[in-house]
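None of the figures in this text is laboratory data; all of them are computed from the coordinates on show. Because the structure is predicted, anything quoted here is derived from the model rather than measured. Cβ coordinates were reconstructed from backbone atoms using ideal geometry, including for glycine residues, and neighbour counts include every protein chain displayed.
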Amino acid sequence: MNFEVSRRGFLKSAGAGMVGTSLGAFGFSAAEAAVMDGIRPFKLTGTTETRNTCPYCSVACGVILYSKGDLKKGEKAEITYIEGDSDHPTNRGTLCPKGAALLDFVKSETRLTTPRIRKAGSDKFEDVSWEEALDRIARLMKDDRDQNLVVKNADGVTVNRWTTTGFLAASATTNETAFVTYKVVRSAGMVVFDNQARV
């Protein structure tokens, strides 16, 4: 079956088809409306995206945390979803089973959210503020360093060694942060220094 179609006729029919298809794609048809009614809203709509690092091992995979609640309005932000960061050079968006289950870790009822201290002679831990915890750590470190710093060795050579306190660095840090941590620890005289990535 042969049809005789002029160039003008072909362009008219193609243009009419394109207009009809475009109107349908923009949602002007009843079929589009019916399909849209059956689709649930995207669960990450209205969430805040925050990039972070997985807390588990020394690989330091990048994660994206999605939270609802505007902190600027005084609302408490609640993490609703966690996924791997596809832009992160370490994991390229993939997560191991522990990393994939981070939301359970965040929402766990047994997760500690404040520092705790067990005083001498006590059989239980009690919550303290971050200020109190950091002040106590700084005070105990200063006292220990003052009492135990070895300024000179037996030959009279200045060594500035602090051998009674050690430091375990976090593995999920950048090279720059690790370098600064190393410099701070060594400048305090600590000899016992390790990184969690090696443990």
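Tabulated data for the structure shown
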quantity	calculated
Degrees separating the helix 7-25 axis from the principal Cα axis of the chain, which is the longest one	50
Neighbour net charge for V63 - beta-carbon separation under 14 angstrom, K R +1, D E -1	-2
For the range 106-112, 3J(HN,Hα) per residue [Karplus equation, 6.51 cos²θ - 1.76 cosθ + 1.60, θ = phi - 60°, Hz, x = Gly/Pro]	5, 8, 5, 5, 8, 6, 7
12 Å beta-carbon shell around N52, net charge (K/R +1, D/E -1)	-2
Calculated [θ] (222 nm, deg cm²/dmol) that DSSP helices of n ≥ 4 give over the chain, each run adding -39,500 (n - 2.57)	-10500 deg cm²/dmol
Across K73/K107; K68/K183; K107/K142; K73/K98; K142/K183; K76/K142, pairs whose alpha-carbon gap is larger than 29 Å	K68/K183; K107/K142; K73/K98; K76/K142
Where the Cα pairs of the chain fall when distances are cut into 5 Å bins, in %	1, 5, 8, 9, 10, 11, 10, 9, 7, 5, 4, 4, 3, 3, 2, 2, 2, 2, 1, 1, 0, 0
Solution diffusion estimate, µm²/s, Stokes-Einstein, the range 149-199, Kirkwood Rh from C-alpha pairs, 10 °C, viscosity 1.306 mPa s	134
Relative packing of 151-158, 131-138, which averages over residues the other C-beta atoms within 10 Å, highest first	131-138, 151-158
Net charge contributed by nearby residues that have their C-beta within less than 15 Å of D143 (K/R +1, D/E -1)	+1
Inter-probe distance in nm under a simple model that places probes 7 Å from Cα toward Cβ, at V157 and S6	10.2
Amide H partners (placed H, <5 Å) of N91, local residues excluded	G62
Rounded Å value of the spacing that divides the Cα centres of the range 121-199 and the range 40-105	31
From phi via Karplus (6.51, -1.76, 1.60), per-residue ³J(HN,Hα) for the range 54-61 in Hz, x at Gly/Pro	4, x, 7, 10, 8, 6, 6, 5
Isotropically averaged projected area of the range 48-106, using the convex hull of Cα atoms (one quarter of hull area), nm²	4.0
Extension gain, F179 back to S108 (0.36 nm per residue minus Cα-Cα distance, nm)	22.2 nm
Of G69, S187, L102, farthest towards positive along the dipole that unit charges on Lys, Arg, Asp, Glu beta carbons give the chain	S187
